[in-house]
Amino acid sequence: MEKFPVCLFTLALSIFIAGCASQSPIRVDRLDGRYHVTCSKASNLSAEEQREEIRHALQEHIVSIDKKGLYRPIHYTLNCAGESEHGEQPASLRKLFRKISKTVSEGGYTEIMVVLHGGLVSRETGVREAVILHHAIETDPWLQTVDNKVYPIFINWRSGGLESYWEQLVNIRGGEEKPLLGRATAPFKLASDLGSGIADTLYTAGLEGERLIDSLGNHLNACQAQATEPRIVCPDPVTKNKLETIPALQYFLMMPVRVGTAPIINGFGRSAWENMVRQTRFLFLSENFGEETRGAIDTLFEELGKSIKNSEDGSVKEIPPVRLSLVGHSMGSMVISEIVEAFPDLPYRNIVFLGAAVSGRDFRNTIIPLLESSNYPDLHFYNISLLPSNEARELNFAGTLPSGSLLEWIDELYTSPPTFADRTFGKWINASRFISTYPKSALEKMTFRIFGRDPGQPRTHGELNDIETCFWRKTYWTDEEMDWPEHAVKCKAFIDDSSVLGTGSSSIR
């Protein structure tokens, strides 16, 4: 099984992809549990400045989590300009948090921003992206002001596509680790996954036909802006079909190919998805029976809550009173939903969903009660989505894989929502149906931003948290008058000028 063609797995496990991240000048490799980080030769920073920035990110700003949902300290070798150094994070999460608390207190930070990536992010990619974002966020003059200083924390959880499917194939049976049974039955599991994908071929063909029809009209372009309760920020109205000739022809001609690749994506992708969901659950409750059963996220936020409450009553001065912002892309929104449910008393300031994979039902049960509470007058929720027509006809791998965004695939291929409320909340066509059912006290604290087809705006699921969108800025969530082409140019220039990379772009799925 170990020699099963990697290219097939790579194709099958490219579920949810909406464009590929370009290669970054900084390089991160993982060997024997140690991250080997190589500085960029293209950076505008000196080798010593790069080393200091990367070292700081690796030591304090990344919470790395293993497949059991437990904290796994980062051990690294940093190579800059021919010089190497070795380092590692504290052995326990509580020790790491004490180190973070000391920096937050001494540095005068007023806000902690927790950023969670989505699915299909390897551990190496997660570390590289966190290093890039750490420096971008901490040097961004649009975010770091005299009155507000933001300390970013990046949750690097296990969501790589290949490793997710492989574990499900050879190790997991009935939600439990059974390595002997898993390996013995792996060939049958593989055949079953492929068979189920083949069985769904006609169903997928029907979905492709529906999307083709949708692409010829504008009924999926509906979005009515409003200023209050809740605030809805829409793209410029689409008054006619703007589907360009070449993409439209490509979309039509590649339809048979998409139907042909559907069995691979549907069968293998569904199993990979199940394992990624498994990993989000372990972040709170591990099945490391007999040892540590509390997930890393559960421990981290408990420690954070203790520090904030103790500092407020004066008994401990580990960390000054700070506010929390949670930013989650795709499956990261599922983690945020559980954070809020488990820790409803923390001083949340902003909750930001970027293409949220969390269900509308979970959103209602976890986020709405928080927004209703009078204890959080300054709390605001932001939901960032694509125009429904962009969701429906997103092309993957030049149109060779089934069309539609990740959220389309979750709703139609990887899960079977029993009700409409169980579909993904990140799709505007889903979220918009329930807005009128939310209480006014919650609606007053909600903003929905929908991105269309204007130049400079994200058009695919993966682009919603592309680093060159500067997605951590409030203007990205709210600005109605944004000149998006200019924003894209300025954001890229800021990244190039300030980044530890110097040049190049990347994005977190």
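General observations
- Exactly one residue among 151, 165 is among the hydroxyl-bearing types (Ser, Thr, Tyr), open to solvent by less than 30 Å² (accessible area, probe 1.4 Å) and farther than 24 Å from residue 405 by Cβ, and that residue is 151.
- Where residue 64 falls short, out of the listed (1) of a type in the set (S, T, N, Q); (2) within 26 Å of residue 462 (Cβ to Cβ); (3) part of a loop (DSSP other than H, G, I, E, B): (3)
- Verdict on residue 88 being open to solvent by less than 10 Å² (accessible area, probe 1.4 Å) and of a type in the set (D, E, K, R): no
- Within the stretch 111-155, the set of residues being among the hydroxyl-bearing types (Ser, Thr, Tyr) and in a helix (DSSP H, G or I) comprises 125 only.
- Residues that are modelled with pLDDT of 95 or more and either of a type in the set (A, V, I, L, M) or surrounded by fewer than 18 Cβ atoms within 10 Å (Cβ to Cβ) (or both), drawn from the stretch 101-123: 112, 113, 114, 115, 116
- Qualifying residue in the stretch 21-34 (condition: basic (Lys, Arg), under 30 Å from residue 414 (Cβ atoms) and at pLDDT 90 or above): yes
- Test: residue in the stretch 289-297 that is in contact with a Ser or Thr (Cβ under 6 Å, 6 or more places away or on another chain), modelled with pLDDT of 95 or more and among the β-branched types (Val, Ile, Thr): no
- Hits in the stretch 217-260 (condition: open to solvent by 70 Å² or more (accessible area, probe 1.4 Å), under 21 Å from residue 450 (Cβ atoms) and at pLDDT below 70): 219, 237, 239, 240, 242, 244
- Members of the stretch 67-110 found to be touching a residue at least 60 places away in the same chain (Cβ under 8 Å), part of a loop (DSSP other than H, G, I, E, B) and on the phi < 0 side of the Ramachandran plot, listed by number: 67, 68, 70, 109, 110
- Residue ranges of helices (runs of 4 or more DSSP H) in the stretch 304-423 with at least 3 members within 18 Å of the chain's Cα centre (by Cα) and either at pLDDT below 90 or more than 23 Å from residue 110 (Cα to Cα) (or both): 332-342, 360-372, 406-409
The values are calculated or read from the model by the stated rules, or taken from the named source; none is laboratory data. Please read these numbers as outputs of a predicted model, since none were measured by experiment. Backbone-built Cβ (ideal geometry, glycine too); neighbour counts: all protein chains shown. Ligands, DNA and RNA are stripped out before the accessible areas are found, and what is left, the full protein with its side chains, is counted by its heavy atoms. Shrake-Rupley method; radii C 1.70, N 1.55, O 1.52, S 1.80 Å.
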